[in-house]
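Read through the structure below, which is laid out as structure tokens, and then see the notes.
Quick note: the coordinates plus some simple rules give every number you see, no bench work behind them. These numbers were taken from a predicted model, which means no experiment stands behind them. Quick reminder, even Gly has a Cβ in these numbers, built from the backbone with ideal geometry, and neighbours come from all protein chains shown.
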Ligand code: URA
């Protein structure tokens, strides 16, 4: 059981004060009957709540897939720069939402946003080794030697060498297009690994995380809710070839 105004606020329908006004004006119904007291307790998983004639169903957690654009930082708050959370429309900005893992300001692609703390921890936990795949354009001609270096693990100046990573060469030339799959997420890891090969990164995009793939129909800055199938996929661990 929870208060009607809290339920609506938790479901992203507005601020508590806006919602109190709406409820008092009779714009909210519970099982078809207008309820004018914001403090009215409802059974959120059973009763049907409508606001302005629109049904609001109960969701314990929300999961959004975003195609992160360049120039936006992966943080919940920042005094100066635009954050990924600010790209969400006000009704989608639920309390407790956070980005799962961090992409650099200039990195684009798949970013998961949720208010499901335990799922976020599971996906980020170093011991889980959730695969993350990126596509990068780098300076210089990618070679088999790079592939071996990525597969063996390399010294990028940390205490330990990197874990084995998979490198696929998509195009090799003055600039090369490569696909990299990592099982860990160190600070600037791809940029540092490519730099160690003498190949500065020109652009970087994340394509997948665990079983979740970027929906390429999302333009940079767009997002959508995960499908039920994608939510189920999130916890799967793909073995590395
Ligand atoms: N590796 C990087 O260097 N940057 C990212 O944003 C993600 C992985």
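Observations on the structure shown:
- Dividing the summed -39500 (n - 2.57) terms of all DSSP H runs of n ≥ 4 by the residue count of the chain sets its mean residue ellipticity at 222 nm at -5000 deg cm²/dmol.
- Coordinate range along principal axes, alpha carbons of region 111-199, Å, largest first: 43, 27, 16
- Area projected by the alpha carbon convex hull of region 110-152, averaged over all directions, nm²: 4.5
- Taking max minus min of the alpha-carbon positions on each principal axis, region 51-171 gives extents of 62, 30, 29 Å, largest first.
- Rounded D (µm²/s) - region 50-109, Kirkwood Rh over Cα pairs, Stokes-Einstein at 4 °C, 1.567 mPa s: 99
- Antiparallel content of DSSP bridges confined to the chain, in %, to 5: 95
- In this simple spin-label model, placing a label point 7 Å from the Cα along the Cα-to-Cβ direction at both residue 231 and residue 39 gives a separation of 3.3 nm.
- With all projection directions averaged, the alpha carbon convex hull of the chain covers 15.3 nm².
- Using equal-weight Cα scatterers in the Debye expression, the normalised intensity of region 152-225 in log10 at q = 0.13 Å⁻¹ is -0.47.
- Remark: the residue 104-residue 6 segment gains 31.8 nm on full extension, using 0.36 nm per residue and subtracting the alpha carbon distance.
- Neighbour counts of C-beta atoms inside 10 Å place 50, 194, 36 in the sequence 36, 50, 194, starting with the fewest.
- Once Rg and the Kirkwood radius are both taken over the C-alpha atoms of region 81-141, their ratio Rg/Rh works out to 1.04.
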